[in-house]
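**Student:** One structure, pasted below without further comment.
The values are calculated or read from the model by the stated rules, or taken from the named source; none is laboratory data. Everything numeric here is computed off the predicted structure, so don't read it as measured data. Using ideal geometry, Cβ is built from the backbone for each residue, glycine included, and neighbour counts are taken over all protein chains shown. Protein only, heavy atoms only, side chains kept; ligands, DNA and RNA dropped before computing areas. Shrake-Rupley method; radii C 1.70, N 1.55, O 1.52, S 1.80 Å.
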Amino acid sequence: MQIKAKVLGTGYFLPDRILSNHDLEKIVDTNNEWIVERTGIRERRIAEPDMRCSDLAYEAAQMALKNANLSPEDLDLIIVATDTPDYMFPATACVVQARLGAKKAGAFDLEAGCTGFIYAMSVAEKFLLSPDFNHIMIIGSEVMSKIMDYTDRGTCILFGDGAGAMVLGKSAGTCGIVNAEIGADGTGAGLLLQPGGGSAFPASHESIDKKLHYLKMSGNDIYKFATRIIVEISERLLNKAGLGIEQVDFFLPHQANIRIINSALKRLKIPAEKVLLNLEHCGNMSAASIPVALAQADEKQLLKSGAIILTVGFGTGLTYGGALIRWGRD
Ligand code: UT7
């Protein structure tokens, strides 16, 4: 299979402030034991009130550029995957483009919820087939705390803030994105959403009183969808690439709930030591979960050249997708 795009550098940024389960016990009717047992999360990072999505994205992008040994002028495109952009418009990617000084780069946002970074990888991979694009920055950046209802224990215990970035370039060798797949089932669009602020329910006193500006989720429905779809996509990607599950060196699922991840490990027969996790200390960072975990593993030099990474996402939309990556620069 011809590899079109390879990873040139990764980066991430996490805000300093930690919100632990014990902190949450003081503001909502929950407890540490329930959260740890039902989700695997112990703490999450929370951005300062004046921090925006673009601030986190910018920091992660700077680190990825440095690791790729590239300057901002080398970028042809910037894609920011996010549920929590700075504004409804313009795109957060434009704000990041200006701050980086990436004058040559086009810039747009991509909304695919927790699958956003996988969607961005898939889109960037196709752009890199064109002679007009040589270096693409993709970023998953989320300030989930800004749309959390801290009186809703079904959601506020789950989410955290952070950003992860990756620079992709053309590949003529054996390393890079082996294949990437994206999909959606829009019939589930009402299961996880921020109802207010868009054209369906524009911001008004009424929309605020009804708390429509906060994230709403039917947790159980998403849970069932997630456990099913992770296995389906993983098997499809492996079949398409002609690889066996035993050839996967690292499994990187979206970090939503440890029970979802453990169920996938069991059904796919992947040993627990192959999974990359940051859920315990970061919570669910939506589009940022996967790129942060990848950049953290890269920083720790866990990912050896030639290692096969299977990454899978799922989320609002309902969206889903996955990618197989052969790590390295060759
Ligand atoms: O990244 C986007 C995709 N999102 C996801 O993948 C989330 C998927 N869903 C989940 O991870 C789980 O459904 C949750 C963690 C959200 C909920 O876990 P659950 O095991 O499905 O719990 P539940 O909603 O069925 O609630 C079980 C009980 C209920 O009490 P009763 O009715 O049995 O008395 C809840 O009220 O647990 C209660 N509960 C809590 N108790 C303490 C729910 N949330 C909490 C809480 N603390 N935070």
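**Student:** Please give every one of the lysines within straight-line cross-link reach of Lys274, meaning a C-alpha to C-alpha distance under 30 Å, and leave out same-chain neighbours fewer than 8 residues apart.
**Tutor:** Partners within reach: Lys4, Lys6, Lys66, Lys126, Lys170, Lys224, Lys240, Lys266, Lys300, Lys304.
**Student:** Take the Cβ-Cβ distance between Asp23 and Glu246 as r, set R0 to 25 Å, and report the resulting FRET efficiency rounded to the nearest 0.05.
**Tutor:** Calculated value: 0.05.
**Student:** How many times 2.2 N^0.38 Å is the alpha carbon radius of gyration of segment 178-326?
**Tutor:** Taking N as the residue count of segment 178-326, the ratio is 1.16.
**Student:** First measure r as the distance between the Cβ atoms of Gln2 and Gln194, then evaluate 1/(1 + (r/R0)^6) with R0 = 45 Å and state the FRET efficiency to the nearest 0.05. Spell out each step's value before the answer.
**Tutor:** Working: r = 39 Å, r/R0 = 0.87.
It comes to 0.70.
**Student:** While we're looking at this one, here's another question. Quick one: if you take sqrt(5λ) for each eigenvalue of the C-alpha gyration tensor of the chain, what semi-axes come out, biggest first, whole angstrom? Mind showing how you got there, number by number?
**Tutor:** Working: eigenvalues 169, 114, 64 Å².
So the equivalent ellipsoid measures 29, 24, 18 Å along its semi-axes.
**Student:** Using the heavy atoms of the protein chains and a 1.4 angstrom probe, tell me the accessible area per residue for segment 229-310 in square angstrom.
**Tutor:** On the way: 3280 Å² over 82 residues.
Result: 40 Å² per residue.
**Student:** While we're on this one: If every alpha-carbon in segment 4-173 counts as one equal scatterer, what log10 I(q)/I(0) does Debye give at q = 0.14, 0.19 1/Å?
**Tutor:** These q points yield log10 I(q)/I(0) values of -0.72, -1.10.
**Student:** Distance between the C-alpha centers of segment 22-100 and segment 255-330? Whole Å please.
**Tutor:** 17
**Student:** Can you compute the FRET efficiency between Gln301 and Glu206 using 1/(1 + (r/R0)^6), with r the Cβ-Cβ distance and R0 = 45 Å? Round to the nearest 0.05.
**Tutor:** On the way: r = 53 Å, r/R0 = 1.18.
Plugging the Cβ-Cβ distance into 1/(1 + (r/R0)^6) gives 0.25.
**Student:** Next question, about the same structure. For the chain, what does -39500 (n - 2.57) per DSSP helix run (n ≥ 4), summed and divided by total residues, give at 222 nm, in deg cm²/dmol to the nearest 500? Intermediate values should be presented prior to the final figure.
**Tutor:** On the way: 10 runs with 104 residues, N = 330.
After summing the helix terms and dividing by the residues of the chain, the value is -9500 deg cm²/dmol.
**Student:** In addition: Which value results for Rg/Rh of segment 130-183 when Rg is the Cα radius of gyration and Rh the Kirkwood radius based on the inverse mean 1/r? Write down the numbers at each step before the final one.
**Tutor:** On the way: Rg = 17.5 Å, Rh = 14.7 Å.
Using only Cα positions, Rg/Rh for segment 130-183 is 1.19.
**Student:** Run through segment 183-236 and list the trypsin sites (Lys or Arg not before Pro) located in a DSSP loop whose Cβ has at most 11 other Cβ atoms within 10 Å. Could you put the intermediate results ahead of the total?
**Tutor:** Details: sites: Lys210, Lys211, Lys216, Lys224, Arg228, Arg236; in loops: Lys210, Lys211.
The qualifying sites: there are none.
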